[in-house]
1. For the cross-link pairs A:K82/A:K178; C:K39/C:K69; C:K39/C:K91; B:K12/C:K94, which exceed 27 Å when the distance is taken from alpha carbon to alpha carbon?
2. With a 10 Å radius around each residue's Cβ, average the other Cβ atoms per peptide and rank C:252-263, B:90-101, highest first.
3. Counting only residues 5 or more places away or on other chains, whose amide H sits under 5 Å from the amide H of C:I237 once H atoms are built in the peptide plane?
4. Tell me what the protein assembly as shown gives for mean residue ellipticity at 222 nm when only DSSP H runs of n ≥ 4 count, each as -39,500 (n - 2.57), the sum divided by the residue total, rounded to 500 deg cm²/dmol.
5. Sort the following peptides by mean Cβ neighbour count (other Cβ atoms within 10 Å, averaged over residues), highest first: C:285-294, C:152-161, B:197-206, A:132-141.
6. With angles folded into 0 to 90 degrees, how steeply does helix B:3-20 sit against the dominant principal axis of chain B? Use alpha carbons for both and round to 10.
7. Return the average number of partner chain Cβ atoms within 10 angstrom of each residue Cβ along peptide B:97-107.
8. Ignore the peptide's own chain and count Cβ atoms of other chains within 10 Å of each Cβ in C:109-121; give me the average, rounded.
Amino acid sequence: MRAYVEFAVKKFQDKMAYRLDFFMGIVNTAITIVVYLCIYKALYGGATEVDGISYRMVATSFVITLGLSNAFHFNEMFLEHKIHDGSITNEFLKPVSFLFRMLAENIGEGVFKLVFHFLPALLFTLLHTKLCPPKSAPGLIAMFISVAFGYLILWLISFIIQTWSFWLFSVWGIMTIKNVFVNILAGTLLPLWFMPTALRKIISFTPFESIYFTPVRIYLGELNGSQILSGIAVQVLWIVTLGIIANLFWKRGIKKLVVQGG
Amino acid sequence: MGEIRVVLQSLKMSIHTRMQYRVDSLVATLAVFIRESANIIAIYLALLKFDRINDWNVNEMLFLYSILFLTYAFVVSLFADLRQFSDTIREGRFDRLLVRPRSLLLQLILNNADLIASAGHGTLGLLLFVISAGRVGIHWDFVTVLYYIGAIIGGILIQGGMFIVFSSLCFYFVETGSIRDIFYWNMRKFAGYPISIYHKLIQGILIYVVPFAFVNYFPAQYLLRKEDMANYPAIYIYIAPFVGIIVYAAAYLFWRVSVRRYYSTGN
Amino acid sequence: MENIIAVGDIKKYYRIAKRGKGMIASLKYLFNRSYEIKKAVDAVSFSIKRGEIVGFIGPNGAGKSTTIKILSGILYPDAGDVKIKGYIPYKQRKQYVKHIGVVFGQKTQLNWDLPLIESFELMKFIYRIPQEKYEKNLSLFSKLLEMEDFINQPVRQLSLGQRMRGDIVAALLHSPEIVFLDEPTIGLDVVAKEKIREFIRYINEKEQTTILFTTHDMQDIEKVCDRLIIIDKGKKIYDGSIDQIKNKYANSKTIEILLENDEKETQTFDISVTPMNTVMENLFAQKNIKDISICEPEIDGIIRDIYEGRLVLDDPAAEAD
């Protein structure tokens with residue numbers, strides 16, 4: 001475990017070396033928040049509520065989703081590069097699990113972005129816009145758990161596609177399409193409340209709803225006690241399902257690598 | 001003369017490169033198309049619910065967006081080598097250009113042209129144009145067509161100028177990726193909406209700092225005449241096609257000054 | 001003949017940011033950086049006559065590449081001046097670079113995905129090479145470097161040696177009068193190296209091309225160059241002929257001895273201090289010798305000794321005439 005923490009910390013430090021990128025990251029996040037709040041305001045066009053959702057809830061949902069999607073950002077070409085240049089075989093010689101190392105590095109980068117890009121931008125936003133406070137302390141705790149699970153779901157989806165580079169020349173195209181799905185169906189661009197009902201129904205059967213929307217709803221108090229539990233249960237179900245699939249592809253891929261030598 | 005032949009040879013080489021991976025190129029083009037459609041889909045879904053944004057309906061929004069895509073389709077190939085300019089410097093490819101007896105920008109234009117992105121953005125832009133152009137009440141006559149073409153060329157020059165400025169910054173800073181992310185990529189995303197919806201500061205940036213407003217908002221206003229134009233000097237919709245020339249010229253001067261810095265530091 | 005290249009006291013200093021280890025140092029680095037000065041080139045002067053081939057050597061980080069960059073017009077020197085064929089390279093870039101060809105051995109200028117010929121075509125347009133001259137040079141060069149077989153193959157499929165040949169041709173198609181080669185033989189096998197050396201000699205003899213090249217391979221120097229410039233830590237430490245440096249250390253002989261019990265020994269003597277006669281007498285008196293061989297000093301060894309500080313050269317000013 002200590003080794004993986006080291007990987008995460010190392011990545012965190014690497015990130016700090018880029019001074020300009022660091023400050024600009026904050027500005028970037030702040031501008032994005034301001035702009036999207038303007039867009040939602042214009043969409044609301046002076047109405048206080050649309051479908052029972054207040055502008056403040058939309059703003060809060062957007063800010064949280066943005067913060068999370070900032071943190072839920074990984075180098076998705078990592079495995080492909082490792083496989084294509086053959087360096088993946090070296091990784092197996094190291095005494096740490098390659099997968100957990102990858103995850104640890106991704107988390108390190110994510111935490112960096114959350115702490116240094118998102119938090120300052122959030123404070124800046126609070127200066128001029130009122131957001132909803134957390135509904136309750138247990139709700140906040142439940143939200144953190146749900147965030148961690150949401151992260152794992154998205155990470156597993158990305159990882160599954162990354163493992164396809166054992167067979168495909170490039171997974172860039174598929175990854176791009178996946179990101180379109182995430183951006184739309186997970187509600188990064190438009191909160192899921194405003195989706196057409198039929199589409200909303202379909203989304204509820206996919207893992208996408210569990211990534212950002214479940215934590216957001218828990219935070220806003222849209223879900224009550226048992227609904228929170230079932231929301232988190234659905235997340236766990238997806239983690240298990242995706243974990244099994246990921247493991248399957250990973251094992252097959254390794255086997256192919258060993259048999260055919262890449 | 002001879003400049004054109006250099007550029008044409010660069011284009012020819014870019015095409016030949018792509019032809020070697022035909023299937024790959026096709027898949028990548030499709031991926032770009034789908035990726036860029038995401039924002040369009042989001043706007044479409046949002047307007048299904050909210051109907052209008054600052055009185056712009058969905059067709060007007062698509063028309064506004066189409067100009068961004070159409071101009072970018074040209075920019076991304078013409079100035080492809082400027083997108084990752086810090087890499088060009090770091091890998092020593094810039095040294096290469098310096099030891100050749102030609103203008104540096106000339107050697108960069110159409111070099112490694114990203115024809116995939118051009119095809120993806122171009123198709124989407126055309127598609128949006130075809131869907132929206134007939135439904136937004138524009139009377140297409142000689143003047144409007146001429147204006148439209150001028151605006152597209154102006155838009156290409158404005159964005160090309162921005163690429164040149166961001167590349168020039170690589171001579172001053174090691175990492176310029178995030179500056180470019182904010183001022184180019186984010187602002188471009190924001191330019192997809194009528195700028196009148198934004199905070200005054202952001203409007204100011206979009207008009208005077210990274211003048212995306214002159215790429216699509218003011219040209220669209222010339223053709224659509226929406227009410228929110230009342231917030232801006234009317235002259236802006238007439239000068240829009242010429243802003244490109246000014247921006248490009250200014251960017252070129254900045255580039256000239258900045259390249260000098262490279263001579264003293266190297267990479 | 002007149003000096004085509006004149007370099008006077010050029011200096012180039014770099015500022016390098018220091019980065020500490022650990023979390024606190026990382027945080028500090030974010031806000032406040034300290035720098036140290038590296039003297040990449042520190043008052044180097046030399047001149048080269050038209051038609052000379054000069055080997056330019058030194059250990060890694062000695063300032064070779066920086067010097068080549070200054071001569072190519074890519075970098076301004078912080079002090080000193082450079083005049084090449086009447087031009088100041090870094091001030092009159094476009095006019096000047098028509099007359100030079102540059103090969104950076106570590107970085108190709110060829111398009112990775114396309115056949116060599118396409119990159120050559122681009123050179124034709126960039127250098128405004130008349131079609132006739134282009135065809136003449138191309139067919140001559142590809143014959144000399146035996147490139148006919150692979151000129152239509154994508155560069156990514158070529159071996160390193162083939163690619164380097166392509167790079168050299170791309171840099172010479174416009175018949176430059178002055179050529180800078182920065183490690184043109186790095187990583188190549190013996191055959192490829194030999195081909196490139198022959199080609200360099202040929203161009204030099206036929207066209208009176210002035211050539212300055214850096215290398216780590218002493219064979220390159222011995223087989224191609226008339227003259228050698230050595231720099232170390234940004235300063236010139238030797239400038240003269242190769243024979244001169246060899247003669248200077250000709251007194252140093254290495255003796256390899258095979259003993260009766262099949263053990264090997266090597267000893268180095270300075271025969272100006274201990275004459276060979278005495279050396280031999282002592283050896284025969286002390287050991288049972290089966291076989292003995294006396295080695296002339298190799299240029300390789302001499303250079304290595306210079307780099308490693310075992311040999312101290314005289315004041316370089318005294319070496320140059």
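What follows is calculated from the coordinates using simple rules that are stated; it is not laboratory data. Everything quoted here is computed from the prediction, not taken from an experiment. Positions of Cβ are backbone-derived with ideal geometry, glycine not excepted, and every protein chain shown enters the neighbour counts.
1. Flagged as over cut-off: nothing, all pairs pass.
2. B:90-101, C:252-263
3. Correct list: C:I230, C:I231, C:D232.
4. -18500 deg cm²/dmol
5. Highest to lowest by the protection proxy: B:197-206, C:152-161, A:132-141, C:285-294.
6. Rounded to the nearest ten degrees, it is 80.
7. Counting Cβ atoms of other protein chains within 10 Å of each residue's Cβ and averaging gives 6.
8. If you average over the peptide's residues, the count of other-chain Cβ atoms is 3.
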